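First comes the structure, then the notes that go with it.
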Amino acid sequence: MTLTFEDFPIGHFGSFGPRHVTREEIIAFAAEFDPQPMHLDEEAAKRTMLRGLSGSGWHLCSIMMRMMFDGFIGDTASLGSPGVDEVRWLSPLRPGDDLMLDIDVSEARVSRSRPETGIVTFALRVRDAAGRVLLEARSPIIVKRRDAAAPET
């Protein structure tokens, strides 16, 4: 079943995961996209304010996006996003973390300019197994409304 705008009432939408993060993937992502010492080298990372190897915040955002896709966006009549309103990195991503993604719908409104669509704004939290929140984000997506998503006959 394809999720449409009407399937996203205000409130808690769901929790997705866990997603295990390895030391190797933290280093591989950093080597390619964010080669700062705290993401690449355990000894150098000990001397930073993070006090140990940590994943890039951008890596964490990428993992969150994958968890969103696997959790529900892949089955949603999504037309994309106009952007991300806010991203906050609150605690470091560590090797061995098992991540959960909690999603609330904070706003849902019909588009004034394209009434066949709605804009659903999600409040996103990524937390580790201890419950520590690593990331908070707020992001809208554009979603087809049910009548617009129905196949034409």
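Bear in mind that the values in this text are calculations on the coordinates, not laboratory data. Please read these numbers as outputs of a predicted model, since none were measured by experiment. Neighbour counts are summed over all protein chains in view; Cβ atoms, including those assigned to glycine, are modelled from backbone coordinates with ideal geometry.
Over the chain, DSSP H runs of length four or greater, each weighted -39,500 (n - 2.57), average out per residue to a 222 nm ellipticity of -7000 deg cm²/dmol.
Based on the Cβ-Cβ distance of Ser62 and Asp98, what FRET efficiency does E = 1/(1 + (r/R0)^6) give at R0 = 22 Å, to the nearest 0.05?
Details: r = 17 Å, r/R0 = 0.76.
With R0 = 22 Å, the Cβ-Cβ based efficiency is 0.85.
When you count the other C-beta atoms within 10 angstrom of each residue and take the mean per peptide, 110-119, 61-70 line up highest first as 61-70, 110-119. Going 7 Å from the Cα of Met49 in the Cα-to-Cβ direction, what parts of the stretch 79-93 have a backbone nitrogen less than 17 Å from that spot? Those under the cut-off are 88-93. Entry note: the chain has Rg to Rh equal to 1.06, where both radii use alpha-carbon atoms and Rh is the Kirkwood radius. If both residues of a DSSP beta bridge must be in the chain, then about 95% of such bridges are antiparallel. As a proxy for reagent exposure, Thr4, Thr22 were ordered by neighbouring Cβ count within 10 angstrom, fewest first; the result is Thr22, Thr4. Mean sequence separation of contacting Cα pairs (under 8 Å, at least six apart), scaled by the length of the chain, corresponds to a relative contact order of 30 percent. Spatial offset of the stretch 1-49 relative to the stretch 80-153 amounts to 15 Å, using the alpha carbon center of each. So how tilted is helix 57-71 from the main axis of the chain? Cα-based, degrees 0 to 90, rounded to 10. On a 0 to 90 degree scale, this one is about 40.
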